[in-house]
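Right, one structure below, let's go through it.
We did not get these values from a lab; they are worked out from the coordinates using the rules stated. Quantities reported herein were computed from a predicted structural model and do not represent experimental measurements. Counting neighbours? That spans all protein chains shown, and the Cβs are built from the backbone with ideal geometry, glycine included.
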Amino acid sequence: MDKIVIEGGVPLHGEVTISGAKNAALPILAATLLAPGAYRLHNVPPLADIRTTKRLLAIMGVQFEDGDPLLVDTSNLTGWMAPYELVKTMRAAVLVLGPLVARAHQAIVSLPGGCAIGPRPIDLHLKGLEALGVKINLNQGYVEAKAHRLHGADIHLEIPSVTGTENLLMAATLAQGTTIIRNAAREPEVGDLARFLRAMGAHIEGIDSEVLTIHGVSALTPTEYTIMSDRIEAGTYLAAAAITKGEVIIKNAPVPHLSAVLEKFQAAGVRLTTSDEQITVHSGHTLTGVDVKTLPYPGFPTDMQAQFMALMCLAKGASLITETIFENRFMHVLELRRLGADITVSGNHALVRGRRQLSGAPVMATDLRASASLIIAGLAAQGTTEVHRVYHLDRGYAHLVEKLSQLGARIKRVPA
């Protein structure tokens, strides 16, 4: 098992290019199950979760030819089971449920796993699928789903679940009649999936809104598509540049989808200039404490909470960070404290009192975004920081060590 070693205190300088969005690529890969044939997918990021999804789809008979574009052939579907061994490592694997029942009229999918940041039940997925005509049975940790023919339904989600919206959206494209999904998640990755489905011939109205209307069609067609850039990766490099007081140009950034993040960084004193696909972080700023509350899109994303907290550890004054999405998403606090951060947690609130400096120390990553926050803090800390259990990073960041090294960071990945 590897660790990442950082010699902190070096301002970052240069340019970094953002990769494709993991959270858009995963549902789009699942959506290729909807129609037999060959797909060409551009900008698929080289991540552990992508490799896991490919292994999962390969079990079902899907064939791949690596490269950019990634070639996906779903002509011969030979199975419809997603086993526990793969699903336990990645909650997004549940996204095969909707496409499988729509195309094969059956699916057996293990209940999901993923990062240990709180319970994320799939009740909303199952209730919505039942409304579409799917018969659901839970048996020894597996969801067994069968449907003779899907039909349209009016579905109201109790919470705007991202994967719930995506699963129901995919299933509804091949349902007979019209489906309305109310209180749908508005995250840009949901919109990217909807545009991919539209490119396949799906009839979808209300993309990027909280009400999606899907007029079912009898069949869809494989297509070629370019996956959007990763807004969380862009925000992570933004935090790394800001905390080191560097001068960094972030290219291929989905700036229109980062409004809430950019607003908080600017409120904290970070000097920025932006265009449609580029963010420039300017040196010479002084960090000031800013309060943040995570919310569904277009609010401040929970996936940027840990990285922003790391930034606030070196801000003047105090900041109150409120987590409303996942109940266990302050697991990085104890590790940031090991670096000298002053953070007090009460329920879903974290009060961060800025310090003049952090000091390097051995720390342990607990989930994907916590890993990123520790890297960011380590870049600014005086001395050496060792981040252990960095396999979490491989799930969501492509070539992180290499990209930071190119910006001048003294960072390396070595065997633990």
Extension gain (nm, one decimal) between Thr288 and Ile59, 0.36 nm per residue minus Cα-Cα: 77.4 nm
Spatially proximal lysines relative to Lys264 (Cα-Cα < 23 Å; intrachain offsets below 8 disregarded): Lys245, Lys251, Lys293, Lys316
Burial ranking of peptide ranges 185-194, 215-224 (average Cβ count within 10 Å, highest at the top): 185-194, 215-224
Hits among lysines - C-alpha to C-alpha of Lys88 under 24 Å, sequence gap 8 or more where chains match: Lys3, Lys22, Lys54, Lys127, Lys135, Lys146
Exposure proxy ranking, count of Cβ atoms within 10 Å, fewest first, for Met228, Met170: Met228, Met170
Sequence of Arg198, Arg395 once ranked by neighbouring C-beta atoms within 10 Å, starting from the fewest: Arg198, Arg395
Rounded to 5, the percent of DSSP beta bridges in the chain classed as antiparallel: 70 percent
Estimated 222 nm signal from helices in the chain, with DSSP H stretches of n ≥ 4 weighted -39500 (n - 2.57), rounded to 500: -8500 deg cm²/dmol
Sorted by Cβ density within 10 Å, fewest first, the residues His42, His285: His42, His285
Sequence ranges 375-384, 140-149, ranked by mean other-Cβ count within 10 angstrom, highest first: 375-384, 140-149
